[in-house]
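Peer 1: Just passing along the structure, written as structure tokens.
The values are calculated or read from the model by the stated rules, or taken from the named source; none is laboratory data. Not measured: the values here are computed from a predicted model. Cβ coordinates were reconstructed from backbone atoms using ideal geometry, including for glycine residues, and neighbour counts include every protein chain displayed.
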Amino acid sequence: MANITSNTESQRLTFWERIYLPEIAKGLGLTFKQMFKPSFTRQYPEERWIPEGSYRGRPVLVLEEDGERCVACGLCSRVCPALAIEVRAAETEQDKERYPEKFEINMLRCIYCGFCEEVCPEEAIVMSKDYELVFSSQQDGIFGKDKLLVPVAQLQERLEFLRQWR
Amino acid sequence: MSLIQLIIIVIQATILLTLMLVCAAYMVLAERKIAAWIQNRVGPNRVGPWGLFQSFADVIKLNLKEDIVPAAADYKFHALAPVIAIGVAITVYAIIPFSGPLVEIDGIQYGLSMAPNMNIGILAMLAMTSVGVYGIALAGWSSNNKYSLMGGLRSAAQMISYELSMGLAIIGVVLIAGSLNLIEIIQAQTSGIWYIFLQPAGFILFFITALAETNRAPFDLPEAEPELVGGYHTEYSGMKFGLLYLAEYANILASSAIMAALYLGGWDAIPFLDDSTILGLAPNSIPLVLLGHVVFLTKAFALVFVFIWVRWSLPRFRYDQLMNLGWKVLLPISLINVVLTGLGVLFFQ
């Protein structure tokens, strides 16, 4: 590297800037002004953020009055890039003929990509607004049907969002 | 020294040290609060109203933590370093006169200070702060960790370079006051003008060197987190870490108090004028002395605020910039300041 002789720091700065102290005073003035501005903090446990319909929270199964929508085709399990979903199908007397006997999502593996929702032909698995996922063991991280089934009324916003863009 | 005198001094020391250590603990909270305000955040607010018990929670937590000593560390010196750091930090409080004389027993005046009339006063402060380097350098060396050692070395180099300018800045004040005794320096200011107006360059020099001496940003190279992990206290945990941390804040308070005494008139409430005649109180009467105590603490804590404010405004110096500033800028300015002050004292006094 050649020796830099022009446009050095000492040439670019004026005398007052090179003394530092006036510039430091300016900087201090800026931070002092900041002290009186309102804070951006959300007091989390008391004040919770409610996401929009477009938010991809934890995936859930849609539950209607006569049972779940899912027909256990296994597409979600096939498309899942993190291999988080496990479906075992069984037969039923209803018109749709099939239902998931076992449906498990390993929430430790889930990456919230939303591919399962996108691929689902029945709109049976959708992303919810739930972002508070805490468990104390790896076993607790595997959500079965008991935790996954959510009444359709609670998922209206997401379903409308999906229809809008599909 | 009579027994009564000894008892009084022990009581004074106990009260003052307890208060000062509590203050140091609360400065940690103040630091976090002010940092939060500057960054448009809220800061600690969970422990007690407005986060007021945060400091106690921190101390309890530090006491409950496991005290880990690295296998390669020199155990004796590893344990000794925080003791030196905090011991030296508290010793400096001995010379700070927090108030004027309050009561007189057996012909000796006592105020809210431990050894205020020490005739070497400010010199003792300089001596103790130089010993303070040992705590940090020892902590860095005995940890047997390269980052700690770098932190300790940086601290030693930094303190030696900046102590020179600090001493020369103080000489300006000593020349004008004609005394090393802090009480006499303050009394010279209460009747005359504050030394910040006679020694503006000296005040700025002292402030900058005090920032460097207490390892505060922008001179916090000994504990520069991004480069040195935690610097000299990387290998410390539990209350030993707490002591190093406390020593740092105790040093800030001590240097703020000394700055208030040397340059801002100590317990003098109104600059340029005599307080006792304006307020209609007799000199050295108890209300005036107590007012002076409050004024002194207000000045000291205002300076503590500036310390914290500077930390959250300015970026850290690079190592070569630090040395350039110390030796090529501050040292010549402080020498010129001493010469000019000497000439001024010679011709105007």
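Peer 1: Do you know which residues across region B:151-163 are surrounded by 21 or more Cβ atoms within 10 Å (Cβ to Cβ) and among the hydrophobic types (A, V, I, L, M, F, W, C)?
Peer 2: The answer is B:159, and nothing else.
Peer 1: For region B:201-233, how many residues meet the condition of being within 14 Å of chain A (Cβ to nearest Cβ) and more than 18 Å from the chain's Cα centre (by Cα)?
Peer 2: Number satisfying all stated conditions: 1.
Peer 1: From the residues in region B:308-349 that are buried (at least 18 other Cβ atoms within 10 Å of the Cβ) and among the polar types (S, T, N, Q), which one is nearest to residue B:210 (Cα to Cα)?
Peer 2: Result: B:334.
Peer 1: Search region B:1-18 for residues being within 18 Å of the chain's Cα centre (by Cα) and modelled with pLDDT under 85, and hand back the single one that is surrounded by the most Cβ atoms within 10 Å (Cβ to Cβ).
Peer 2: For region B:1-18, the residue satisfying everything is B:16.
Peer 1: For region B:164-262, which helices (runs of 4 or more DSSP H) that fit wholly inside it have 1 or more residues that are charged (D, E, K, R) and crowded, with 22+ Cβ neighbours inside 10 Å?
Peer 2: Correct list: B:200-213, B:238-262.
Peer 1: Quick check on my filter: what residues within region A:19-35 are over 22 Å from residue B:205 (Cα atoms) and more than 8 Å from every other protein chain (Cβ to nearest Cβ)?
Peer 2: Listed by number, the list holds a single entry, A:33.
Peer 1: Here is a follow-up. Looking at (1) closer than 20 Å to residue A:65 by Cα; (2) surrounded by 13 or more Cβ atoms within 10 Å (Cβ to Cβ); (3) within 19 Å of the chain's Cα centre (by Cα), which is the one condition that is false for residue A:145?
Peer 2: The single condition residue A:145 does not satisfy is (3).
Peer 1: Looking at this structure, is residue A:21 free of Cβ contacts under 8 Å to residues at least 24 places away in the same chain and closer than 30 Å to residue B:36 by Cα?
Peer 2: yes
Peer 1: Another question, if that's okay. Kindly establish whether residue A:92 is away from every other protein chain (no Cβ under 14 Å), under 30 Å from residue B:218 (Cα atoms) and β-branched (Val, Ile, Thr).
Peer 2: Here the answer is no, as residue A:92 does not meet what is asked.
Peer 1: Let me ask something else about it. Out of all the residues in region A:54-94, which are surrounded by 12 or more Cβ atoms within 10 Å (Cβ to Cβ), on the phi > 0 side of the Ramachandran plot and assigned to a loop (DSSP other than H, G, I, E, B)?
Peer 2: Correct list: A:72, A:74.
Peer 1: Against the condition closer than 25 Å to residue B:265 by Cβ, in a helix (DSSP H, G or I) and within 14 Å of chain A (Cβ to nearest Cβ), how does residue B:30 come out, does it pass?
Peer 2: Judged against the criteria, residue B:30 is a match.
Peer 1: If we scan region A:35-53, do we find a residue that is small (Gly, Ala, Ser) and assigned to a loop (DSSP other than H, G, I, E, B)?
Peer 2: Yes, some residue in region A:35-53 is small (Gly, Ala, Ser) and assigned to a loop (DSSP other than H, G, I, E, B).
Peer 1: Going by the conditions given, is residue B:63 assigned to a loop (DSSP other than H, G, I, E, B) and loosely packed, with under 13 Cβ neighbours inside 10 Å?
Peer 2: No: the conditions fail for residue B:63.
Peer 1: Within region B:75-89, does at least one residue satisfy the condition of being among the β-branched types (Val, Ile, Thr), more than 14 Å from chain A (Cβ to nearest Cβ) and farther than 19 Å from residue B:25 by Cα?
Peer 2: So far as region B:75-89 goes, no, none of its residues is among the β-branched types (Val, Ile, Thr), more than 14 Å from chain A (Cβ to nearest Cβ) and farther than 19 Å from residue B:25 by Cα.
Peer 1: Please work out if residue B:142 is surrounded by fewer than 20 Cβ atoms within 10 Å (Cβ to Cβ) and small (Gly, Ala, Ser).
Peer 2: When the stated conditions are applied, residue B:142 does not pass them.
Peer 1: Could you check how many residues of region B:34-51 are more than 9 Å from chain A (Cβ to nearest Cβ) and assigned to a loop (DSSP other than H, G, I, E, B)?
Peer 2: Matching residues across region B:34-51 total 4.
Peer 1: For region B:280-300, state whether one or more residues are closer than 30 Å to residue B:21 by Cβ, at pLDDT 85 or above and either loosely packed, with under 15 Cβ neighbours inside 10 Å or within 14 Å of chain A (Cβ to nearest Cβ) (or both).
Peer 2: Scanning region B:280-300, I find at least one residue that is closer than 30 Å to residue B:21 by Cβ, at pLDDT 85 or above and either loosely packed, with under 15 Cβ neighbours inside 10 Å or within 14 Å of chain A (Cβ to nearest Cβ) (or both), so the answer is yes.
Peer 1: Considering (1) within 27 Å of residue B:335 (Cα to Cα); (2) assigned to a helix (DSSP H, G or I); (3) touching a helix residue (DSSP H, G or I) at 6+ places or on another chain (Cβ under 9 Å), say which one residue B:152 fails and leave the rest.
Peer 2: Failed condition: (1).
Peer 1: Can you pull out the residues in region B:305-316 that are more than 8 Å from chain A (Cβ to nearest Cβ), more than 17 Å from residue B:196 (Cα to Cα) and assigned to a helix (DSSP H, G or I)?
Peer 2: The answer is B:305, B:307, B:308, B:311.
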